[in-house]
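K.L.:
Just dropping this structure here.
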Amino acid sequence: MRKCFKMSLFKIIPSQKHKEKSQAAAPEDEADVVSSVIGDYGRWQLLMTFLLAMFSFPCTFHIYLPTFTVKSTKFWCRLPDNLAGLPIQDWINYSQPVDACYVRVLPDGITAESILNHTAPILDSFQKCQQWDFDRSEIGDTIISEWNLVCDRSGLTNLAEVVFLIGVGFGGVIGGWISDKFGRKRILMGMLCLQCTLAILSLFVRSYVHYIIVRLIMGFVSVSVVYAAFVLSVELVSGKWVTIAGVCNFFPLPLAYIIVSLLSLLLPNWRDLQLALSLPGCLLLILWFVLPESPRWLIGRGRTQEAKEIIVKAAKFNRREIPEELDKMLMMSKPETEAEQPSVLMLFKGVLLMRTFCLFLAWFSMTIAYYGLLLNIGNLNLGNLHVTSIILAVVEIPAIAVSIPILLKAGRKIPIFISMLVCGLACVASELFSMSFDDDWILIACLMVGKFAIGSTNMMMPIFTAELYPTLIRNLGVGASQVSAGLALICIPYLWELTALNEHLPMVTIAALSAVGGGIVLLLPNTTSINDSKKPNNSSPCNGAFTISDDKVH
């Protein structure tokens with residue numbers, strides 16, 4: 001949810017030097033038309049920023065939902081009807097001494113009383129269990145209990161989330177391209193409509209295969225909604241407000257985590273929870289009549305009359321005077337030719353080869369750390385899942401807020417390195433304390449520090465990535481980074497499988513990757529905010545919000 005960066009619509013055409021100057025000037029002229037008329041930030045942009053941030057809620061709901069709907073709980077082979085009344089633990093001790101996948105063959109005439117007084121015969125033959133019951137004291141009905149995803153079918157639990165995250169990975173790359181081609185608003189509302197349809201449809205699926213198909217498409221659609229809303233929000237503002245508006249889109253994330261946690265307490269059945277979290281997204285469809293198309297995107301497409309209507313409405317809402325020469329300004333900013341299409345090979349030439357490689361590793365490490373902690377809270381076994389989930393969500397709110405002044409004043413590279421290193425140290429500390437203290441709150445405190453740190457990184461990394469690529473291939477560079485993040489997401493469901501080798505290995509892996517990712521960032525060049533530069537650089541992302549320290553190297 002992190003592409004500020006697909007909005008670089010005007011690209012320098014390097015094939016003819018005499019045209020380069022006029023093409024390079026396009027971003028400056030275009031920025032003057034929009035920001036000079038409606039202002040960098042006003043009441044209209046504030047309203048749009050708030051409304052567009054709302055689109056993060058339904059998407060985050062569907063991403064975080066498996067924390068409760070796919071939570072593993074204790075299970076046992078079902079108690080036969082003729083032994084009704086036998087305490088569950090006595091039944092488990094007698095019939096399933098190894099695990100619940102195989103049950104002891106019961107001798108004829110066995111009774112509950114004989115098992116309780118230890119006079120029941122014990123046979124050494126076992127058979128495969130066919131039906132199970134599940135512990136529902138903390139979590140109600142889940143997809144695991146509905147489709148018996150245990151024992152030899154337990155791997156299917158991870159498969160359901162892998163296909164969703166595959167959809168997220170592809171959606172991150174393709175969604176931005178679709179948004180660039182067809183417009184922000186159209187794709188935003190179209191994907192939202194499809195998301196609502198899929199969410200409701202998932203309530204009626206009765207087979208596991210149909211469920212994972214719906215989850216695959218849902219992953220693609222959800223991240224496309226996030227990207228379209230994010231890009232539109234930052235294209236409606238200018239200057240330093242690009243950074244602020246972009247980061248504000250992340251504030252709904254921890255709030256959504258809290259809402260899911262609280263609702264799961266009230267609605268323990270996964271279908272009821274799914275329905276409750278799907279309905280709010282449907283209400284956002286009415287914003288079709290409120291939200292504008294991006295005027296900058298319209299200007300880039302030569303649709304100046306449509307852009308003018310939006311700019312005039314925004315200026316009136318902001319109580320700003322509309323210049324008489326607005327039509328002339330729009331015509332001057334209209335691009336004369338289509339920009340040259342970038343090539344993937346450009347990412348692997350010259351110094352960009354090192355940048356691409358370093359960013360690939362940094363995004364992979366950051367994604368593993370952030371989502372490894374977020375989506376595996378249930379595997380940490382830290383007391384009540386709902387309480388732990390809410391606590392770790394709350395600490396992300398100040399992490400998002402802190403990232404704004406950091407991005408505006410303290411730069412990018414060093415803060416990202418420090419935050420990733422702190423996350424790694426916090427993960428190591430949680431494992432060391434777990435071996436020395438039998439207190440969940442000590443471990444939760446360590447994880448709070450780690451979640452705070454990596455939450456800040458999650459806000460800063462996308463903007464830093466966009467600044468490191470020249471205008472011509474900035475979209476492509478950010479998309480390549482999302483491929484790396486997508487590969488990391490696919491690995492997340494299997495991260496806790498490492499406990500088969502060592503119980504501390506998952507957290508140590510997160511710590512190691514976080515430290516390595518932070519170290520890799522130090523190899524990248526510095527970038528600066530516009531506040532630190534003497535002259536805005538028109539080749540920077542987000543309409544001149546940032547400058548690139550060595551953009552000429554491409």
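K.L.:
Let me know the whole percent of all Cα-Cα pairs from the stretch 355-465 that are separated by more than 19 Å. List each step's numbers first, then the result.
P.N.:
Working: 2695 of 6105 pairs.
Cα-Cα pairs in the stretch 355-465 separated by more than 19 Å: 44 percent.
K.L.:
Can you tell me which of 437-444, 358-365 comes out highest on packing, and rank the rest after it, using the mean Cβ neighbours within 10 Å?
P.N.:
Working: 437-444: 14.2, 358-365: 22.8.
Those peptides, ordered most packed to least, come out 358-365, 437-444.
K.L.:
Calculate, in nm to one decimal, what THR119 and LEU265 gain on full extension: separation in residues at 0.36 nm each, minus their alpha carbon distance. It would help to have the intermediate numbers written out before the result.
P.N.:
Working: separation 146, 0.36 × 146 = 52.56 nm, distance 4.20 nm.
Here the answer is 48.4 nm.
K.L.:
If you don't mind, there's one more thing I want to ask. Work out how much length ASP272 to ILE174 would gain on full extension: take 0.36 nm times their residue separation and subtract the Cα-Cα distance, in nm to one decimal. Spell out each step's value before the answer.
P.N.:
Working: separation 98, 0.36 × 98 = 35.28 nm, distance 3.17 nm.
Taking 0.36 nm per residue and subtracting the Cα distance, the gain is 32.1 nm.
K.L.:
Could you bin all the Cα-Cα distances of the stretch 486-525 into 5 Å bins starting at 0 and give me the percent of pairs in each, rounded to whole numbers?
P.N.:
In whole percents, the pair-distance histogram is 5, 22, 21, 22, 16, 8, 4, 1, 0.
K.L.:
Can you tell me the FRET efficiency between LYS316 and CYS282 if r is taken as the Cβ-Cβ distance and R0 is 22 Å, rounded to the nearest 0.05? All intermediate terms of the calculation are to be shown ahead of the outcome.
P.N.:
On the way: r = 31 Å, r/R0 = 1.40.
With a Förster radius of 22 Å, E is 0.10.
K.L.:
For the stretch 51-174, which semi-axes, largest first and in whole Å, follow from the square roots of 5 times the eigenvalues of its Cα gyration tensor?
P.N.:
Values: eigenvalues 350, 47, 14 Å².
After scaling each eigenvalue by five and taking roots: 42, 15, 8 Å.
K.L.:
Right, another one. Using a cut-off of 12 Å between beta-carbons, work out the net charge of the residues near ASN318 (Lys and Arg +1, Asp and Glu -1, ASN318 not included). Mind dumping the intermediate values first?
P.N.:
On the way: positive: ARG43, LYS313, LYS316, ARG319, ARG320; negative: ASP40, GLU321.
Taking every Cβ under 12 Å from that of ASN318, the sum is +3.
K.L.:
Students often check this: by mean Cβ neighbours within 10 Å, which of 322-333, 118-129 ranks highest, and how do the rest follow?
P.N.:
On the way: 322-333: 14.4, 118-129: 11.6.
Answer by packing, highest mean first, reads 322-333, 118-129.
K.L.:
Hey, with R₀ at 51 Å, roughly what FRET efficiency would PHE182 and ASN502 work out to, going by the Cβ-Cβ distance, to 0.05?
P.N.:
0.55
K.L.:
Restricting to Cα pairs below 8 Å that are 6+ residues apart, what does the relative contact order work out to for the stretch 370-459? Please round to a whole percent. Walk me through the intermediate numbers first.
P.N.:
Working: 76 pairs, mean separation 38.4, N = 90.
In percent, rounded to a whole number, it is 43.
K.L.:
Which whole-number percentage describes the relative contact order of the stretch 63-211, with Cα contacts under 8 Å and a sequence gap of 6 or more?
P.N.:
Details: 114 pairs, mean separation 34.2, N = 149.
Averaging sequence separation for qualifying contacts and normalising by length gives 23 percent for the stretch 63-211.
K.L.:
I need the shape label for the stretch 179-271. Rule: rounded when a/c is under 1.5, else prolate if a/b > b/c, else oblate, with a, b, c from the alpha carbon gyration tensor.
P.N.:
Working: a/c = 3.53, a/b = 1.54, b/c = 2.30.
Since a/c reaches 1.5 but b/c is at least a/b, the shape of the stretch 179-271 is classed as oblate.
K.L.:
While we're here: Take peptides 487-497, 160-170 and line them up by average Cβ neighbours within 10 Å, highest first, as a rough protection proxy. Display every interim value, and only then the final one.
P.N.:
Numbers: 487-497: 19.0, 160-170: 22.4.
The densest-packed peptide leads the list: 160-170, 487-497.
K.L.:
Take the stretch 221-331, compute every pairwise Cα distance, and split them into 5 Å bins from 0; I just need the percent in each bin.
P.N.:
2, 9, 13, 18, 17, 13, 9, 7, 5, 4, 2, 1, 0
K.L.:
Hey, which of these cross-link pairs are over 22 Å Cα-Cα: LYS308/LYS328; LYS413/LYS451; LYS71/LYS451; LYS181/LYS328?
P.N.:
Numbers: LYS308/LYS328 11 Å; LYS413/LYS451 19 Å; LYS71/LYS451 20 Å; LYS181/LYS328 26 Å.
LYS181/LYS328, as the Cα separations exceed 22 Å there.
K.L.:
What is the percent of Cα-Cα separations in the stretch 86-144 that go past 17 Å? List each step's numbers first, then the result.
P.N.:
On the way: 776 of 1711 pairs.
So the pairs more than 17 Å apart make up 45 percent of the total in the stretch 86-144.
K.L.:
Further question on the same structure: With θ taken as phi - 60° and the coefficients 6.51, -1.76 and 1.60, list the Karplus ³J(HN,Hα) couplings across the stretch 286-298 in order, rounded to whole Hz; mark glycine and proline as x.
P.N.:
Running phi through 6.51 cos²θ - 1.76 cosθ + 1.60 with θ = phi - 60° gives 5, 6, 4, 8, 10, 6, x, 6, 5, x, 5, 5, 5 Hz.
K.L.:
If you don't mind, another one. Which FRET efficiency value, to the nearest 0.05, is calculated for ALA445 and ASP327 with the Förster distance at 60 angstrom and r the Cβ-Cβ distance?
P.N.:
0.50
Taken together, the values in this text are just the output of simple stated rules run on the coordinates, not laboratory data. In this text the structure is predicted, and so the values were computed from the model without any measurement. Every residue, glycine as well, gets a Cβ built from its backbone with ideal geometry; the counts of neighbours run over all protein chains shown.
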